[in-house]
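Here's the structure we're looking at; comments come further down.
The values are calculated or read from the model by the stated rules, or taken from the named source; none is laboratory data. Keep in mind that this is a model prediction, so the values were computed, not measured. When we count neighbours, we look across all protein chains shown, and the Cβ atoms used for this are built from the backbone with ideal geometry, even at glycine. Side chains included, ligands, DNA and RNA excluded: accessible areas come from the protein's heavy atoms. Shrake-Rupley method; radii C 1.70, N 1.55, O 1.52, S 1.80 Å.
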Amino acid sequence: MLIAGRLSWLVVTLIFSAIMLSILYLSSKKIYVPVIREHPGIAAIKDAIGRAAEMGRPVSYSPGTDTLYSTKYAADTAAALTILAYVAKESARMGSKLIVGISQPTVLPVAEDVVRTAFTFEGKPEEYVEEETVQFYSPDQWGFSSSYIGMMYREKVAANFLFGEHAAEAMLISENASTIGAIQVAGTTNVYQLPLLLVTCDYCLIGEDEFAAAAYLSPDPVQKGIIFGQDLAKLICIALIVIGSILVTFGSNLISNLLKM
Amino acid sequence: MSIVFKKGTSVVLFVVAMIFFFDYFWKDPTLQGTATNLNNWVVVIAAFALGLGAYSLTVRHVQIIRKRGMLMPYSIALLVTMFTFIITGLVTHSISSPEYSFIYNSIIVPASQALYGMSSFFIASASYRALRAKSYESLVCLAAAMFILFLNAPIFGVINPILPSLGKIVWDTSISTGMRAILIGIGIGTLTTGLRIIIGQDKAPLGGGD
Amino acid sequence: MTLRESLSQNYKPIIYFILFVLIGFPLLHPLGLPLPIDQDCRDVYNKIESLKAGDVAVVTQYIGGGNRAELYPQYKAVLEHLLRKDGVKIILEEAGTESPIFSQLVLQELNAFKRKTYGVDFVDLGYIPGDEAAIAGLCRDLHALVSKDYYGTPIDQIPMLKDVNTAKDFTIVVDITASADSQFWLNQAYAPYRTAIALGMASAKVPDAYAYYKAGQIFGILESLKGAAQYEFLTGSPGLAIIGMDAQSLAHLYIAFLIVAGNVAFFMGRKKK
Amino acid sequence: MTDIFVVSIAAILALMIYTILYRENPAFRLGEHILVGATVGNAVVQAVFQIQNVAITKFQKGMETGDVTGILYIIAIILGILLYFQFSSKYRYVSKISIALMLAVGLSLSIRGLISVNVVGQIIGAMQPLNSVQNIVYLIGVVCVLLYFVYEKKVSNIIGPLPKIGRYVLMMTMGAYFANVLMGRVSLVIGTLNDLFVAPAYYFIPIALLIVIADSLSRRKIAGKKS
């Protein structure tokens, strides 16, 4: 039996998924390959790693303080791990030392694998030091942030990346990193921390920018097509809002009633 | 053997996701029961994962102590505190026993509160360092911040009653506009990322290549 | 290295130290800066002031270590006001595992057990696990969900709860929280039963609450420490929040000054170049 | 007596943590390591209880009463143990089954919640009658910010300058939120200071300040000699 009030969810999810998957199919068959603009955040990441390599100082990365199974930020953590793969590859290629600080134990094995694989891929498996390249701190946000800050000071990091979900500790980490003089690129979907990161970091991926950046980093260029699906879904939302507002002005609650079904 | 597990991983990812999707809109006791079970299991698996973390942390600090590095005394302090907590917890067999509450309240509570509160100091330095009118965009950002300060602190209303009402206007117009759009975007982005992982296009969140 | 050079490189500790003094000083020597009252706070006060004997007020909270400084003064101020109203029945409920400690603390600090009779004028239901499901249960059938109060007394033996069954019987609900459970009360109590709800929020969540207030779904908001201070002022029992407000005012003034100073330094630096 | 002890330890620890505002130093380092040890220890204790009181107890009860839900907890325990294949470079793929399960649960629950709350809920919330200037401005604002997040080149060419407006709206929202956080965070400092302004805790404040001042003076001297 269909649960009341969930029909709209089902329809929206189905339509959006169908759009995204069909665009993906079209682009993988080379029938229609959308042109996606390179995200400025990705260039910012590259520049920061390059500068760290020039200065001979390490790069630090945090994939967030939430778990893989978080009911709100799972995708955020996943995107952070995809971006970690890129950062690991770039820093191995450019020859700067990478330190990954981990808060959640469930993220630890994945992050270790990601970095190990990336280093092997770049032909530098010896650069990966067990328990040293990927460091576990504490599942508690304050335990984690104090350790991360301490690490940044002691290692004198030149670039710091904060992706994934960060709660109130984000500001602590980013402002301390700026004291050290590190270039920072951050991204989160936690809307309460976004303003703080936007002000304190050199470059900030706002909300879905992070997801788009993760998709953009797929090794196979045609698969970036899914980002266009994301755009189309957004355009549908805009259409719904505009039509809905016009209808409401004339006294009809049609759209909002449909969405409440 | 390995191929079974590798295929199994993708199957688990897809099937479990489908169970949760169907459970959301379709009322069925078996489905609901399965979803609840899976959800409960995940918490147990995560509890096991902590062993990995604690192991990694212990190994790193034991290495530091072995090498007699600069951080040796601190690593000793870390391990001692960690084992004090573990032993107290396991011996008293409760996290609400007086002994456990004592160490919890005298170490974790004040240190966490101190760190949390410290962010107000960082807001101060960030306001000085980063809220600068380098472009029109940052000018808008800075002006909005200023007006909200006028709104929130009673003293500005005393200086000039217009200041808080200006703040109120900025507040009313800005606060839900931008956030609403960001939230919609995040919802759609989550779907994109989720789909990419569930259909097996993005393998990094599982640990990368084979 | 001259003093000037070292200052321009290492200015942060000075900024921090001044802020530390500005926050610390008013705590030791309250300045008594004036405090205008917001309408959403006055609405909460007026509604509670208008309660009559026999009305039921549910005060629920999700106070924990991190948000204690903001929310606890609100909780205390609201309860102080409710305890003054004769014949109003107060039901306390907690949504977080740590929260019951704060209910016990506030009852002790307000001397509630001597001023009123437990079980007749007020009751503490304790922590009810289950998030939205728990609130739904509480609103649908209180007696079915809760069997014992915080002290282990069976609910059926508590006289004041005899006629209280569903959210229809709650005259007002005051939810003091920093988490999403304010939304739960709107879904479970306001939507089906039109129970009057007020929210006491931590500052990060005030925007959410404000949207509900504008839509008329809640009758008032206590906005962070500011709301608590205003409420203390309205009830005429000054406490921690009012003293804290002096520190707030100075801190905000200081930040505004820093923003201006930062920009002056920026433009001066550019001119030199 | 124990009260004085707790207050003192708490005050010293809080002050040690606060010294990071001055610079990274041994006091902060000690506080940092103690906090990490304590929080990890705390997490381990809770995890042990989780496994013991939830998984194992329910499994045992299930075995006694034949309750399937209880018996099935054995799967969770096995999956948890599988995680430890992480240590073997040869059989590491085994642990990925458990990770896939966690990820699948997290992602599907996020999609469930975020599509209904963030997308559907916010669209409903955004629809307001266009009968006042404020509401019209509001609608334009929401649409422009949404358009700011468009990445496809052809679409961006069509919508022209709208994303730029969106960017300005976004910056305004961010500035407003940034300033709004301040009040909450200052309240927390007030909380900490209230704990510090209690005997015997306040004796430690001047001591801490003196140490910091002495250190900064000595560092200036060293720096002066070097230059």
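Percent of accessible area on the stretch C:100-233 owned by carbon and sulfur, 1.4 Å probe? Display every interim value, and only then the final one.
Values: 2780 of 5340 Å².
The value for the stretch C:100-233 is 52 percent carbon and sulfur by accessible area.
Only helical DSSP H runs with n ≥ 4 go in: add -39500 (n - 2.57) per run for chain C, normalise by residue count and round the 222 nm mean residue ellipticity to 500 deg cm²/dmol.
Working: 12 runs with 140 residues, N = 273.
Estimated from H runs of four or more residues: -16000 deg cm²/dmol.
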Legend entry - Shape category assigned to the stretch A:36-86 from the gyration tensor of Cα positions, a/c cut at 1.5: oblate
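Taking square-rooted eigenvalues a ≥ b ≥ c of the alpha carbon gyration tensor, is the stretch A:40-216 rounded, prolate or oblate, where a/c under 1.5 means rounded and, failing that, a/b exceeding b/c means prolate?
Values: a/c = 1.27, a/b = 1.17, b/c = 1.09.
Because its axes are fairly even, with a/c under 1.5, the stretch A:40-216 counts as rounded.
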Inset, instruction - First compute the accessible area of the stretch D:1-71 with a 1.4 Å probe, then give the percent of it belonging to carbon and sulfur atoms. - result: 66 percent
Inset, instruction - Give me a single rounded figure for D:84-91: the average over its residues of other chain Cβ atoms within 10 Å of their Cβ. - result: 3
Inset, instruction - Please find the FRET efficiency linking C:TYR11 to B:MET70, where r is the Cβ-Cβ separation and R0 is fixed at 35 Å, and quote it to the nearest 0.05. - result: 0.80
Inset, instruction - Could you tell me the total accessible area buried at the A-D interface, probe 1.4 Å, in square angstrom to the nearest hundred? - result: 5500 Å²
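Share of the stretch B:132-199's accessible area from carbon and sulfur, percent, 1.4 Å?
Details: 1530 of 2110 Å².
Roughly 72 percent of what the probe reaches on the stretch B:132-199 is carbon or sulfur.
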Inset, instruction - Return the distance in nm (one decimal) between the two label points of a simple spin-label model at C:PHE266 and B:LYS7, each offset 7 Å from Cα along Cα→Cβ. - result: 6.0 nm
Legend entry - Positions from the stretch A:194-224 whose accessible area shrinks by 50 Å² or more when the full protein complex is built, not the chain alone, probe 1.4 Å: A:PRO195, A:LEU196, A:LEU198, A:VAL199, A:ILE206, A:GLU208, A:PHE211
Inset, instruction - Report, in whole Å, the centroid distance computed from the Cα atoms of the stretch D:46-86 and the stretch A:47-124. - result: 32 Å
Inset, instruction - Whole Å is fine, so just give me how far the alpha carbon centre of the stretch D:174-227 lies from that of the stretch C:165-203. - result: 39 Å
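Rounded, prolate or oblate, given the Cα gyration tensor of chain B, with a/c below 1.5 counting as rounded?
Oblate, since a/c reaches 1.5 and b/c is not below a/b.
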Inset, instruction - State to the nearest 20 debye the size of the charge dipole of chain A about its Cα centre, where the only charges are +1 on K and R beta carbons and -1 on D and E beta carbons. - result: 820 debye
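With a 1.4 Å probe, how much accessible area is buried between chains A and B, both sides summed, in Å² to the nearest hundred?
Details: alone 13190 and 16840 Å², together 24860 Å².
So the buried area, both faces added, is about 5200 Å².
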Inset, instruction - Can you find, among D:ALA126, D:ALA47, A:GLN135, the residue farthest towards the positive end of the dipole of the protein assembly as shown? Put +1 on the C-beta of Lys and Arg, -1 on that of Asp and Glu. - result: A:GLN135
Legend entry - Viscosity 1.567 mPa s, 4 °C: Kirkwood-radius Stokes-Einstein D of the stretch B:1-93 over Cα pairs, µm²/s: 75 µm²/s
Legend entry - Order by protection proxy (mean Cβ within 10 Å, highest first), peptides A:134-144, D:194-204: A:134-144, D:194-204
Inset, instruction - Determine the per residue accessible area of chain D with all protein chains present and a 1.4 angstrom probe, expressed in square angstrom. - result: 42 Å²
Inset, instruction - For each pair in C:LYS89/C:LYS205; C:LYS271/D:LYS164; C:LYS76/C:LYS226; A:LYS156/D:LYS96; B:LYS168/C:LYS205; A:LYS156/C:LYS205, compute the distance between the two Cα atoms and list the pairs where it is over 24 Å. - result: C:LYS89/C:LYS205; C:LYS271/D:LYS164; A:LYS156/D:LYS96; A:LYS156/C:LYS205
Inset, instruction - Apply the Kirkwood formula to chain D: the hydrodynamic radius equals the inverse of the mean of 1/r over all pairs of different alpha-carbon atoms; give it in Å with one decimal. - result: 25.1 Å
Legend entry - Residues of chain B: accessible area per residue with a 1.4 Å probe, Å²: 39 Å²
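Which whole-number percent gives the relative contact order of chain B, counting Cα pairs below 8 Å spaced six or more residues apart?
On the way: 80 pairs, mean separation 27.2, N = 210.
Relative contact order here is 13 percent.
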Legend entry - Accessible heavy-atom area order of B:ILE199, D:ILE34, B:ILE184, highest first, probe of 1.4 Å: B:ILE199, D:ILE34, B:ILE184
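For chains B and D, what's the summed buried accessible area, probe 1.4 Å, to the nearest 100 square angstrom?
Roughly 9900 Å².
Arrange the peptides A:78-86, D:109-117 so that the one whose residues have, on average, the most other Cβ atoms within 10 Å appears first. Spell out each step's value before the answer.
Numbers: A:78-86: 28.4, D:109-117: 22.4.
Output ranking for A:78-86, D:109-117: A:78-86, D:109-117.
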Inset, instruction - Report the FRET efficiency, 1/(1 + (r/R0)^6), for B:VAL15 and D:ASN25, where r is their Cβ-Cβ distance and R0 is 45 Å, rounded to 0.05. - result: 0.25
Legend entry - Per residue value of the accessible surface for the stretch C:39-247 (all protein chains in place, 1.4 Å probe), Å²: 37 Å²
Legend entry - Residue (of B:MET179, C:SER179, C:LEU234) at the positive-pole extreme of the protein assembly as shown, dipole from beta-carbon charges: B:MET179
Inset, instruction - Give the accessible area for A:THR106 in Å² (nearest 10); use a 1.4 Å probe, count only protein heavy atoms, and leave out ligands, DNA and RNA. - result: 0 Å²
Inset, instruction - Take peptide A:185-192, look around each residue's Cβ out to 10 angstrom, count Cβ atoms belonging to other protein chains, and average those counts. - result: 4
Legend entry - chain C: relative contact order as a whole-number percent, Cα under 8 Å and 6+ apart: 24 percent
Inset, instruction - Any chance you could check the stretch A:102-132 for residues losing 30 Å² or more of accessible area when the partner protein chains are in, compared with the chain on its own (1.4 Å probe)? - result: A:PRO105, A:THR106, A:LEU108, A:PRO109, A:VAL110, A:ASP113, A:ARG116, A:THR117, A:GLU131
Inset, instruction - Report, as an integer, the average count of C-beta atoms from other chains found within 10 Å of each Cβ along D:70-81. - result: 4
